[in-house]
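Here the structure comes first, spelled out in structure tokens, and everything after it is commentary.
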Amino acid sequence: MSPSRPFILRPVATSLLMAAILLVGIVSYTQLPVSALPEVDYPTIQVLTFYPGASPQVMATTVTAPLERQFGQLQGLSQMTSSSSGGTSVVVLQFNLSLNIDVAEEEVQSAINASSSFLPANLPAPPIYSKTNPADAPVLTLAITSNSIPLSQVEDLVDTRLAPKISQLSGVGLVSISGGQKPAVRIQANPTALSSYGINLEDLRTAVTQSSVNAAKGNFDGPRQDYQIDANDQLVTSKDYRSVVVAYRNGGPVMLTDVAKIVDGVENSTQAAWMDQTPAVILNVQRQPGANTISVVNSIKLLLPQLKNNLPAGIDVKILTDLTTPIQASVDDVEFELLLTVFLVVLVIFLFLRNLYATIIPSVAVPLSLIEMTT
């Protein structure tokens, strides 16, 4: 018996089966991941540690070396590279391809916890690790500029309003800010004045650190009422630091203004970014592995008008680079070629049979098979 006979004798069932397969193909087509390059999940983890004020040699001996000793004991580690610069340590760990990246992440976290006792006690934050893919480029880059608001305030608004909202979108993996200058108070010590009072730089650092504390103060617990002590000893502006007492000499206090110059500035004055020739804060968005690049970027573009309304009027947000431009062009070409193929197949069948009615069944079956094979 011919395998085509059951389908010819049951045209209604055959049509429903073809329609069902077509529906499955259409749904599968909408769920396909779209990216500029094939997905390659490299088992690579980057560990970043910040220690402001430390020289490259101090970073290498007190931060990078203890971490390397712990990371060197990890199972499946194939390569480890590190770099130490002023205030920053970067360790890149590459594992065997057979090792799952989630398992490697757990091992790295355990190694960081084990090395905590060997790291400096005054680190502002523990080492930060992230799964990185060298083949992944930012799918969208935004440039935030302003002609009326200082760049330090722009960076603060981007960090608190733009980046968290974009990070919450489905498919967004990592949102990083570059070129921003976070506001900070800069204390420029006067070595001559410090020497005249017999104060060294370590005494100055200790006095400044102890004067700005944001911690719990406790409460007053009485028989009938309970009072929470709501006091914040954290210093924010340069004006607050002017009343800090560094030491006592000859029965009198030595104020911070006597031995240093205090100004409102930024954390890193050498860090900057530009859009064309305009200073800007750059926001890079990377997608999660396997996420549809076009859907991720489109969701961000839909959210941008709402995010702009939450920013001051003097801030301008522009799209600097968009990775979906060539990807969308490729998808459009695929869809056009698919429709063109269907049209040419139907045309050839019609020219061969010279009968419109006889062309209907093969004209429906063949294009459906092409669509299903494509999806």
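What the table below lists for this structure:
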item: Residues of region 270-287 that turn out to be more than 21 Å from Ser148 (Cβ to Cβ) and part of a loop (DSSP other than H, G, I, E, B), as a count; result: 2
item: Boolean, Leu338 is at pLDDT 55 or above, closer than 23 Å to Asn292 by Cα, surrounded by 11 or more Cβ atoms within 10 Å (Cβ to Cβ) and not polar (S, T, N, Q); result: yes
item: Of all residues making up region 311-342, the number that are within 13 Å of Leu140 (Cα to Cα) and among the acidic types (Asp, Glu); result: 1
item: Flag if Leu123 is more than 30 Å from Pro279 (Cβ to Cβ), in contact (Cβ under 8 Å) with a residue 40 or more places away in the chain and surrounded by 13 or more Cβ atoms within 10 Å (Cβ to Cβ); result: yes
item: From Tyr227, Tyr241, residue being in contact with a strand residue (DSSP E or B) (Cβ under 9 Å, 6 or more places away or on another chain), at pLDDT below 80 and of a type in the set (Phe, Trp, Tyr); result: Tyr227
item: For Lys131: the one exception among (1) open to solvent by less than 60 Å² (accessible area, probe 1.4 Å); (2) closer than 21 Å to Thr293 by Cα; result: (1)
item: Residue in region 213-267 that is least open to solvent (accessible area, probe 1.4 Å), counting only those that are within 30 Å of Gln181 (Cβ to Cβ) and among the polar types (S, T, N, Q); result: Ser238
item: Among (1) closer than 30 Å to Thr64 by Cα; (2) at pLDDT 85 or above; (3) surrounded by 14 or more Cβ atoms within 10 Å (Cβ to Cβ); (4) within 17 Å of the chain's Cα centre (by Cα), the one test that Thr141 misses; result: (1)
item: Test for Ser84: is it out of contact with any Ser or Thr (no Cβ under 7 Å at 6 or more places or on another chain) and either open to solvent by 60 Å² or more (accessible area, probe 1.4 Å) or within 18 Å of Thr61 (Cβ to Cβ) (or both); result: no
item: Which listed residue is outside any strand (DSSP E or B) and either buried (at least 17 other Cβ atoms within 10 Å of the Cβ) or at pLDDT 85 or above (or both), from Gln188, Gln210, Gln181; result: Gln181
item: One residue from Val281, Val317, Val266 being touching a helix residue (DSSP H, G or I) at 6+ places or on another chain (Cβ under 9 Å), under 20 Å from Gln153 (Cβ atoms) and modelled with pLDDT under 85; result: Val266
item: In region 101-120, the residues that are open to solvent by less than 30 Å² (accessible area, probe 1.4 Å) and under 18 Å from Pro43 (Cα atoms); result: Ile101, Ala104, Val108, Ala111, Ile112
item: Candidate set from region 152-175 (those that are in contact with a Pro (Cβ under 8 Å, 6 or more places away or on another chain) and open to solvent by 40 Å² or more (accessible area, probe 1.4 Å)); member that is farthest from Pro312 (Cα to Cα); result: Gly173
item: Cross-chain or 6+ apart pairs with Cβ under 9 Å, region 164-176 first and basic (Lys, Arg), then open to solvent by less than 60 Å² (accessible area, probe 1.4 Å); result: Lys165/Leu303; Lys165/Leu307
item: Qualifying positions in region 25-57 - modelled with pLDDT of 75 or more and open to solvent by 80 Å² or more (accessible area, probe 1.4 Å); result: Phe50, Pro52, Gly53, Gln57
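The values are calculated or read from the model by the stated rules, or taken from the named source; none is laboratory data. In this text, all values refer to a predicted model and were calculated from it rather than measured experimentally. Every residue, glycine as well, gets a Cβ built from its backbone with ideal geometry; the counts of neighbours run over all protein chains shown. The accessibility values were calculated without ligands, DNA or RNA, using every heavy atom of the protein model including side chains. Shrake-Rupley method; radii C 1.70, N 1.55, O 1.52, S 1.80 Å.
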